[in-house]
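Below you'll find the structure, written out as structure tokens, and then a few comments.
What follows draws every value from the coordinates through simple rules; no lab data is involved. The structure displayed is predicted, hence computed values, not measured ones. In this analysis, Cβ positions are derived from the backbone assuming ideal geometry, glycine residues included, and neighbour counts consider all displayed protein chains.
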Amino acid sequence: MAETFAWPEGTMYLWTGSATASAVVAYAESVFGTLAYGVDNFRTLDGAYHNLWTGQRADVYIGALYTTDMLTLQRMADAQTSVHAHLKHSGYQGSAGYFLYSGAINSVGVVGREGDIIRVTFSYQANAWSAY
């Protein structure tokens with residue numbers, strides 16, 4: 001079972017608590033995420049079906065990430081340590097968001113075009129989250 005969220009733009013905060021790579025603030029466009037809940041469904045000898053929760057995972061992909069602190073973002077990815085993320089929607093009334101805890105950065109990409117600013121692609125996974 002999975003839930004999906006997407007929005008066109010918002011703010012993202014990343015932090016580790018480490019002295020070498022502590023915090024990054026970025027503006028994110030084309031945000032796409034999936035919250036997946038692992039369930040093993042099985043039948044017992046009496047014919048009753050049961051659900052066993054096996055875990056959960058959040059996957060987030062950002063198509064265009066803008067930050068003035070690319071070095072810290074790269075240090076977080078290189079450190080291979082737990083990274084916490086806060087995604088905050090910046091649309092009308094801007095009241096939606098997610099906190100993702102103790103996750104891992106899967107990829108950081110750089111996209112450049114002639115006459116344009118550099119955009120960063122970003123993917124991330126975590127096993128614990130909360131929404132507001």
For the stretch 55-129, Rg(Cα) over 2.2 N^0.38 Å is 1.19
Computed for the chain: size of charge dipole around the Cα centre, +1 on C-beta of each Lys and Arg, -1 on C-beta of each Asp and Glu, debye to nearest 20, value 120
Longest principal axis of the chain (C-alpha) makes with the long axis of helix 70-79 (C-alpha) an angle, in degrees to the nearest 10, of 40
Full extension between residue 110 and residue 96 adds, at 0.36 nm per residue less the Cα distance, a length in nm of 2.3 nm
